[in-house]
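The values are calculated or read from the model by the stated rules, or taken from the named source; none is laboratory data. All figures in this text were calculated on a predicted structure; none of them were measured in a lab. Here the Cβ positions follow ideal geometry from the backbone for every residue, glycine too, while neighbour counts run over all protein chains shown.
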């Protein structure tokens, strides 16, 4: 028997009609839940009785519209947002794609593409966040995969967090995080450890101690990075300043 996989909204319709048929329930209640007319409910009942679960598959499920964005481009857009342009609002991201990546796509399309990966805009309102959280909780309850459950739990934490965690970059050298930390690293006097870390791998690519946070310290870290690894794509500091090499 062919396995039928329904999307969230399709599965919701299917379960309501299935319960309606099996319990001879109230069609008016079903029409309120699905926000449709009794005539539509009757049509879905006929379809359910004739085709079962398969009736609720959207008719355009496997069709590729002529104006649609190619799958490879969608994947590129997702990767660029997660790795290079994370936390940009979608309108700004659309402009960045056109200016630097030669990808022309509207903010509406970006919203739809990123939503498929459970990514919402940093400017998303409370209703959007609440809706996504509910969807994630429903998927978590239905999932039997520990890996999937962990992924969903992290997404839920990010929605609740005031400062969502930024996913790591996809490639080595794509972003170097630089910062200085005051601590009693050795001896009796505190010193500042200037450090550079590759965002993708978490590897320390440069380090330098100084009595205080100084440009000299960062220059020494930079010298180590350029000498041993070459020029990275960008630097990221705790002050959220990004320096890019084009």
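Brief remarks on what is shown
- Total residues in segment 113-129, condition assigned to a helix (DSSP H, G or I) and surrounded by 12 or more Cβ atoms within 10 Å (Cβ to Cβ): 5
- Residue ID - farthest from the chain's Cα centre (by Cα), chosen from residues in segment 32-51 that are under 11 Å from residue 13 (Cβ atoms) and not in a helix (DSSP H, G or I): 36
- Complete set of residues in segment 101-112 that are under 12 Å from residue 80 (Cα atoms) and in contact (Cβ under 8 Å) with a residue 40 or more places away in the chain: none
- Residue check, residue 35 exposed (fewer than 13 other Cβ atoms within 10 Å of the Cβ), out of contact with any helix residue (DSSP H, G or I) (no Cβ under 9 Å at 6 or more places or on another chain), at pLDDT below 85 and within 30 Å of residue 155 (Cα to Cα): no
- When segment 75-101 is filtered for residues that are under 20 Å from residue 171 (Cα atoms), outside any helix (DSSP H, G or I) and out of contact with any strand residue (DSSP E or B) (no Cβ under 9 Å at 6 or more places or on another chain), the ones remaining, listed by number, are 85, 86, 87, 88.
- Strands (runs of 3 or more DSSP E) within segment 158-215 that include 1 or more residues modelled with pLDDT of 90 or more and touching a strand residue (DSSP E or B) at 6+ places or on another chain (Cβ under 9 Å): 191-198, 204-210
- Scope segment 227-246; condition surrounded by 12 or more Cβ atoms within 10 Å (Cβ to Cβ) and at pLDDT 90 or above; matching residues: 229
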